[in-house]
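Report on the structure given below.
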Amino acid sequence: MVEKNSMRLEFLSKSNNESFARVVVAAFASQLDPTLEELSDVKTAVSEAVTNAIIHGYEYGEGVVIVEAIIENNRIEISIEDRGNGIADIDKAMEPFYTSKPNLERSGMGFTVMETFMDELSVESHVGKGTKVKMAKNFKSLSDKE
Amino acid sequence: MQISTDIIKDYLIVTLQGELDHHTSENVRKKIDQQYYNNNLLNMVLDLRGLNFMDSSGIGLIMGRYKSCREQGGSISIVSTSSYIERILKMSGLLKLMKVYQTIDEAIVD
Ligand SMILES: Nc1ncnc2c1ncn2[C@@H]1O[C@H](COP(=O)(O)OP(=O)(O)OP(=O)(O)O)[C@@H](O)[C@H]1O
Ligand SMILES: [Mg+2]
């Protein structure tokens, strides 16, 4: 059993912070002793949400991205927030292959990747205010791994 | 991210090492397109065995190169031995469009 712990990270919406953010969250998640595969899943999901904040939330302009994570027992909850454009139609945005930027060679798979690699995903967004993506994953407990 | 390219017959062989995300994919895309078009090549092999991270930016990059190859009348294939990478390729439907091989030799058709 891991006692509750939390972290908060705030950084500028620059693309070289994508790897920074996913590495920080992965290092924090390591306290739960996840498998390598579970850790990759978390890294990839965080990368998707942070990339979306930079590309879509701020459309490459300057802004702040906030990443928070809470661990307790075998579970991690992560939120990724921007104060950018927001999403008008969240259901549509979450459909596989939907992208508002096909000209930039985006595939529209970001939310699908987050959904597949995490156990829970929810999106709050307001046009002109910003977007908050919340996700959670339950790691297999140690006894299950053996 | 390290990228190296090689030309075998009418194939552009692209070897990627490191982490393929939005930040690194821009440069990779430029280098691939430059080599592919400047040398008038037909086919492409993307060797992903050295990647230890890839997200949907990689999907977009591969999908874009698939379209380039098709426009030129060629084909694209992947070299990968990682179940993590293959899971992402499968999720995005890319495995229906191209083949995955274990080695570069197998990916090059005589
Ligand atoms: N933080 C955000 N702010 C504003 N719009 C967003 C945000 N995140 C996602 N979106 C919208 O949702 C759409 C779908 O996002 P998703 O990550 O699934 O695909 P994508 O980013 O377009 O492509 P990919 O992730 O495959 O490169 C985006 O095209 C964009 O319109
Ligand atoms: Mg995305």
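The values are calculated or read from the model by the stated rules, or taken from the named source; none is laboratory data. Everything numeric here is computed off the predicted structure, so don't read it as measured data. So basically every Cβ, Gly included, is an ideal-geometry build from the backbone, and we count neighbours across all protein chains shown. To get the accessible areas, we keep the full protein, side chains included, count just its heavy atoms, and leave off ligands, DNA and RNA. Shrake-Rupley method; radii C 1.70, N 1.55, O 1.52, S 1.80 Å.
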Binned Cα-Cα distances of chain B, short to long, each 10 Å bin given as a whole percent: 15, 54, 30, 1
DSSP-loop trypsin sites (Lys or Arg not before Pro) across region A:38-128, with at most 10 other Cβ within 10 angstrom: none
Eligible aspartates and glutamates near residue A:140 by straight Cα distance, threshold 14 Å, same-chain separation 8 or greater: A:33, A:37, A:38, A:41, A:72, A:119
Table column - 3J(HN,Hα) (Hz), region A:38-47, Karplus curve with 6.51, -1.76, 1.60, x for Gly and Pro: 4, 5, 4, 4, 5, 4, 5, 5, 5, 4
Trypsin sites (Lys or Arg not before Pro) within region B:1-72: DSSP coil, no more than 11 neighbouring Cβ in 10 Å: B:9
Per-residue average of Cβ from other chains inside 10 Å of A:103-113: 6
Listed residue pairs exceeding 32 Å between alpha carbons, taken from A:134/B:30; A:134/B:99; A:132/B:31; A:134/B:31; A:92/B:96: A:134/B:30; A:134/B:99; A:132/B:31; A:134/B:31
Difference of contour (0.36 nm per residue) and Cα-Cα distance, residue A:116 to residue A:33: 27.8 nm
Residues of region B:2-109: accessible area per residue with a 1.4 Å probe, Å²: 46
Rg(Cα)/(2.2 N^0.38 Å) for chain A, N = residue count: 1.03
Relative contact order for region A:4-145, counting Cα pairs under 8 Å that sit 6 or more residues apart, in percent: 27
Low-density loop positions, GluC sites (Glu not before Pro), region A:34-67 - DSSP coil, at most 15 other Cβ in 10 Å: A:59, A:62
Solvent-accessible area, 1.4 Å probe, carbon plus sulfur percent, for chain B: 44
Cα-Cα P(r), the protein assembly as shown, percent of pairs per 10 Å interval: 7, 30, 33, 21, 8, 1
Eligible lysines near residue A:137 by straight Cα distance, threshold 19 Å, same-chain separation 8 or greater: A:4, A:43, A:145
Descending principal axes extents, region A:20-88, alpha-carbon based, whole Å: 36, 21, 19
Computed helical MRE - 222 nm, the protein assembly as shown, DSSP H runs ≥ 4 contributing -39500 (n - 2.57), nearest 500: -11000 deg cm²/dmol
Neighbouring partner chain Cβ atoms per residue of A:85-98, average, 10 Å criterion: 0
Residue mean of other protein chain beta carbons inside 10 Å, B:81-92: 3
Accessible area buried at the B-A interface, both sides summed, 1.4 Å probe (Å², nearest 100): 1900
Chain A - accessible surface per residue (Å², probe 1.4 Å): 50
DSSP-defined antiparallel bridges as percent of all bridges, the protein assembly as shown, nearest 5: 70
